Structures are given as C-alpha cells and as structure tokens.
Amino acid sequence: MSKLAITKLTLEQLRETQASPDQAVGKLPQLLETLADQDQEIRAWAADCIQSVEELDAEAARFVAAYCSHSNESIASWACRLIGKSASVVDYQDQLITALEKHDSLGVKQSAAQALAKVGCGLSERAKVCLQQAADSSDARLQRLAKQALGR
C-alpha cells in the first residue's frame, strides 16, 4: 500500500457525510484513516459513516482491500467488512485470507471469514484450507463464520 497522505475527517465533515450517505464511498480513504483518530467520538462517527455504505464499487474495493491487513484493528476489520459488500469480493480473497491467517486481532479474523462467506462457490483452494483451519479455532464465533463460508 502506498503511503499517500490521506487526511482524516473533522467532526463537521463526518456529520455532513452522515447526512448524505451517498458521499461515504467517495470518502472511504479518509473515513478509514479517521478510525485511527484519538477522539472516540470522531472514531464512532467515522464508523457510522462507513456502516452506511451498502455496496462497494470496483474502484473503491481496490483501495479498501489494501487495508484488510492494516495494523489498526478497527481499520482492518472495517476494510474486511467493506470488501464483503463488493460485487467483486471473489477478486480479493488473497487479502481476506492474509487477514484471516496473520492478523493478531480475533475481530479482524472474524470479519475476514464473514467476507469470505460472500464469495460462495468461487472460494479458492487456499481460502478453503484457511477457512478449515479457522473452523477448528478455539473461538466459537470464528468457527461458526468459517463453517458458514465453507457452506457447512
């Protein structure tokens, strides 16, 4: 992922985005970065704006996929959830698998498994192996989400 300077949104900008949810997709880079803000209220507003995204277009999905393994748990988790809202989720299995296999956060792993469930019959062999390992996890929710992704 390139290190372009992406500006976090202010509370006023977040309120404007929440009032016009159709703007959220165009502001996803800033919204994702804003999830790392020190102010809890700012982070909550950013999450609410991201949650309003109903579908991710191909251009936005390419950008968001790079965030699936972000070191910030909230950013990575939301990125995985957003990829699950993309019609091209099948194209981003590798990023979701990497998040599922390597991220330290259980929440990110769960979001990645949930997004992989949206792939359906197009799961790669690597995804199936990774999901089988997750289905054997000690975490009940991750087990359930992985089994759902595998169609069991």
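What the table shows:
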read-out: Per-pair calculated FRET efficiency, R0 = 22 Å: ARG141 and ALA58 via Cβ, rounded to 0.05; value: 0.15
read-out: Histogram of C-alpha separations across the stretch 1-75, 5 Å bin width, %; value: 3, 17, 30, 27, 17, 6, 0
read-out: Where GluC sites (Glu not before Pro) fall in DSSP loop in the stretch 14-56, at most 15 other Cβ within 10 Å; value: GLU54, GLU55
read-out: Mean residue ellipticity (222 nm) of the chain, computed from DSSP H runs ≥ 4 via -39,500 (n - 2.57), nearest 500; value: -17500 deg cm²/dmol
read-out: Helix 125-135 vs. the chain, principal-axis angle (Cα, 0 to 90°, nearest 10); value: 90 degrees
read-out: Trypsin sites (Lys or Arg not before Pro) lying in DSSP loop within the stretch 3-51, provided at most 15 other Cβ fall within 10 Å; value: LYS3
read-out: Cα-Cα P(r), the chain, percent of pairs per 10 Å interval; value: 13, 41, 32, 13, 1
read-out: Karplus-derived HN-Hα couplings along the stretch 91-104 (A = 6.51, B = -1.76, C = 1.60, θ = phi - 60°), whole Hz, x at Gly and Pro; value: 6, 10, 4, 4, 5, 5, 4, 4, 4, 5, 7, 10, 6, 6
read-out: Cα-based Lys pair tally, the stretch 1-123, threshold under 18 Å, eight or more apart or on separate chains; value: 6
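FYI, it's all coordinate maths here, none of it is from the lab. Quick caveat, the model's predicted, so the values are computed rather than measured. Note that each Cβ is placed from the backbone with ideal geometry, even for glycine, and that neighbours are counted across all protein chains shown.
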